[in-house]
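**Q** Let me begin by handing over the structure; questions about it come next.
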Amino acid sequence: MAPDPFTELRSPQGSLVSLYASRPSPGGFAALLSDLLRPIREQAATRDRTVEMSVRADVERIRDLAESFETGSAPAYAVFASDADGIFQVEALTHEVPDVALLGHRPYLRPLRTRPRDLRAGFLVADRLQARVFVVCGSVVTELGDPIEAEPVKRDYGGFEGNAEHTARQRADENAARLWKDAGQRLFEAHQERPLDFVAIGAPAELADGIARALHPYLAQLPRVDFPAVPGSVTETALRSEAASSADEVRRNRQAALAGRVCDTAWSGGMAVLGLSRCLAASNAQAIETLVIAGDLVRPGVLCGSCGFLARSGEECPVCGDGLIETEDVVADLIEAVVAAGGSVHQIEVASPLDNEGVGALTRFPVTV
Ligand SMILES: [Zn+2]
């Protein structure tokens, strides 16, 4: 889902409730919503009357959603509500998110921004006689074309038996190689149309390397996983679970490489910054190309409602002079600022040198902060 319809939501007095709830066990939505909303309501009670009344109305209205969430089929829902500002938006999400509710001036979009994207896997499942090609993305399995069959070998019994057998075996090898090449070509076309993130080869173990050698050099450069399978009996469920576990591994490797790149670049004096304060400053300068956050780091901070200036603390905006407003999760505001400036955001789950810094970024130009 594109979070963009929500980015512009604003509540000048800070009464915007952002709530995310993933499907609990059956019958659990009412309790989950109550638990998430209780602290919001308590927080609102300490604010001015407009905020308090607005939140009270929204809490009632959101609680009333429990029943429709129960009967719905989405794995998770997001709600953005501010009665005082005429905002009430409910969105069915396609993936689970951590349960959270926050009160603020702007929508809390971090759970949407930091969700890892589904990786696109190219599957080639083959033995010596048949090959099938699939693309798996998330839980969607698409078979590309019909199964391809190897050309049958006609035995020639005219000569000596030994020779005939040898020739037949050689033919069969050639035919299998051609079969794999044809299947590989189909996968290559899919990759050219839209890039694949990795390749999976499902085959009897002794054939996997031979099949891999038949791949186009572009595909051969991608991460590759092998798993035992035969084309005649491979199931969508098997492909889906193979894709999911391999995607996790590919993603972890990429995250580790990205975190390493940010740290190495910064340490060697290149175009990168480390640490939240420096990243906020670099973002204020519209310099961030790629933001990398170690885990679910959350830090309070301040933001300017007029010009978007971000900092760890302060009263007055040094850019435009407006009063700064407090924010519970300035990392989330940083994420929004980076996305708005055309940068990309990665929240990583693997342990890396970035853990000490919490957050780091590759910048578009050298930043002195
Ligand atoms: Zn400002």
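**Q** Tell me, what % of the accessible area of the stretch 120-234 is carbon and sulfur with a 1.4 angstrom probe?
**A** Carbon and sulfur atoms account for 50 percent of the accessible area of the stretch 120-234.
**Q** Say a site is exposed when it is one of the chymotrypsin sites (Phe, Trp or Tyr not before Pro), sits in a DSSP loop, and has at most 15 other Cβ atoms within 10 Å; what is then the longest site-free stretch of the chain?
**A** Free of exposed loop sites, the longest segment is 161-369.
**Q** Another question about this same structure. Taking H as built 1.01 Å from N, whose amide H comes closer than 5 Å to the amide H of Thr327, not counting residues under 5 places away?
**A** Gly301, Val302, Leu303
**Q** Okay, next question. Taking every DSSP beta bridge with both residues inside the chain, roughly what % is antiparallel (nearest 5)?
**A** 75
**Q** Could you calculate the contour length gain from Ala341 to Asp182, that is, 0.36 nm times the residue separation minus the distance between their Cα atoms, to one decimal place in nm?
**A** Between Ala341 and Asp182, full extension yields an extra 52.9 nm.
**Q** For the stretch 286-301, in order, what is each residue's ³J(HN,Hα) by Karplus, 6.51 cos²θ - 1.76 cosθ + 1.60 with θ = phi - 60°, in whole Hz (x at glycine and Pro)?
**A** 6, 9, 7, 8, 9, 9, 10, 10, 7, x, 9, 3, 10, 9, x, x
**Q** Mean separation of Cα pairs under 8 Å and 6+ residues apart, divided by the residue count of the stretch 1-115: what relative contact order is that in percent?
**A** Dividing the mean separation by the residue count of the stretch 1-115 yields 44 percent.
**Q** Could I ask something else about it? What Kirkwood hydrodynamic radius, in Å, does the stretch 1-115 give when the mean of 1/r is taken over all pairs of distinct Cα atoms and then inverted?
**A** 14.0
**Q** Now for a different question. Mind checking which of Ser233, Ala30, Ala176 is farthest towards the positive end of the chain's charge dipole, using Cβ charges of +1 (Lys, Arg) and -1 (Asp, Glu) about the Cα centre?
**A** Ala176
**Q** What does the charge count around Glu149 come to, taking other residues whose C-beta lies under 13 Å from its C-beta (Lys +1, Arg +1, Asp -1, Glu -1)?
**A** That works out to -1.
**Q** Filter the DSSP H helices in the chain by two things, a Kyte-Doolittle mean of at least 0.0 and an axial alpha-carbon span of 20 angstrom or more, and list the hits by number.
**A** Span-like helices here: 29-45.
**Q** How big is the dipole moment of the chain about its Cα centre under a simple scheme where the beta carbon of each Lys and Arg is +1, that of each Asp and Glu is -1, and everything else is neutral? Debye, nearest 20, please.
**A** I would put it at about 520 debye.
**Q** If you don't mind, another one. Provide the per-residue ³J(HN,Hα) series for the stretch 141-146, in order, calculated from phi with Karplus coefficients 6.51, -1.76, 1.60 and θ = phi - 60°, each as a whole number of Hz, with x at glycine and proline positions.
**A** Result, ordered by residue: 10, 10, 8, 8, x, 7 Hz.
**Q** Taking GluC sites (Glu not before Pro) as candidate sites, keep only those in a DSSP loop with at most 16 other Cβ atoms within 10 Å, then name the longest stretch of the chain containing none of them.
**A** That would be 97-314.
**Q** Which residues' amide hydrogens lie under 5 Å from the amide hydrogen of Val359, considering only partners 5 or more residues apart or on another chain, with H built in the peptide plane?
**A** Counting only residues 5 or more places away or on other chains, the set is Gly275, Leu276, Ala294.
**Q** How much mean residue ellipticity at 222 nm does the chain get from its helices, if each DSSP H run of length 4 or more adds -39500 (n - 2.57) and you divide by all residues, to the nearest 500 deg cm²/dmol?
**A** One gets -12000 deg cm²/dmol as the mean residue ellipticity at 222 nm.
**Q** Let me test this: with uniform point scatterers at the alpha carbons of the stretch 120-234, what is the Debye-based log₁₀ I(q)/I(0) at q = 0.16, 0.18, 0.24 1/Å?
**A** Taken in order of the listed q values, log10 I(q)/I(0) reads -0.69, -0.83, -1.34.
**Q** Another question about this same structure. With θ set to phi - 60° and the Karplus curve 6.51 cos²θ - 1.76 cosθ + 1.60, what are the ³J(HN,Hα) couplings of the stretch 352-359 in order, to the nearest whole Hz, using x for Gly and Pro?
**A** For the stretch 352-359, the Karplus-derived couplings read 7, x, 5, 4, 5, 9, x, 8 Hz, x marking Gly and Pro.
**Q** Using a 1.4 Å probe on the protein chains only, how many percent of the accessible area of the stretch 245-369 belongs to carbon and sulfur?
**A** Answer for the stretch 245-369: carbon and sulfur cover 47 percent of the accessible area.
**Q** Still on this structure: Find out how many positive minus negative residues lie around Pro300, taking Lys and Arg as positive, Asp and Glu as negative, among other residues whose Cβ is under 13 Å from that of Pro300.
**A** Its environment carries a net charge of -2.
**Q** Taking the Cβ-Cβ separation of Glu316 and Gln130 as r and a Förster radius of 56 Å, what is the calculated FRET efficiency to the nearest 0.05?
**A** Taking R0 as 56 Å, the efficiency between Glu316 and Gln130 is 0.20.
**Q** Over the chain, average the accessible area per residue using a 1.4 Å probe and give it in Å², no decimals.
**A** Using a 1.4 Å probe on heavy atoms only, each residue of the chain averages 50 Å².
**Q** Taking all protein chains in place and a 1.4 Å probe, what share, in percent, of the accessible surface of the stretch 1-113 do carbon and sulfur account for?
**A** Here carbon and sulfur together make up 50 percent of the probe-accessible area.
**Q** For the chain, just the Cα atoms, rotate onto the principal axes and tell me the three extents in Å, largest first.
**A** 99, 55, 29
**Q** If you don't mind, there's one more thing I want to ask. If you add up the charges near Ala30, with Lys and Arg at +1 and Asp and Glu at -1, over every other residue whose beta carbon is less than 11 angstrom from its beta carbon, what do you get?
**A** With Lys, Arg at +1 and Asp, Glu at -1, the net is -3.
**Q** Now a separate question. Trypsin sites (Lys or Arg not before Pro) within the stretch 98-130: which are DSSP loop residues with at most 15 other Cβ atoms inside 10 Å?
**A** Arg117
The values are calculated or read from the model by the stated rules, or taken from the named source; none is laboratory data. Note that this is a predicted model, so its numbers are computed, not measured. With ideal geometry, Cβ positions are generated from the backbone for all residues, glycine too; neighbour counts draw on all protein chains shown. These area figures cover heavy atoms from the full protein model, side chains too; ligands, DNA and RNA do not enter into them. Shrake-Rupley method; radii C 1.70, N 1.55, O 1.52, S 1.80 Å.
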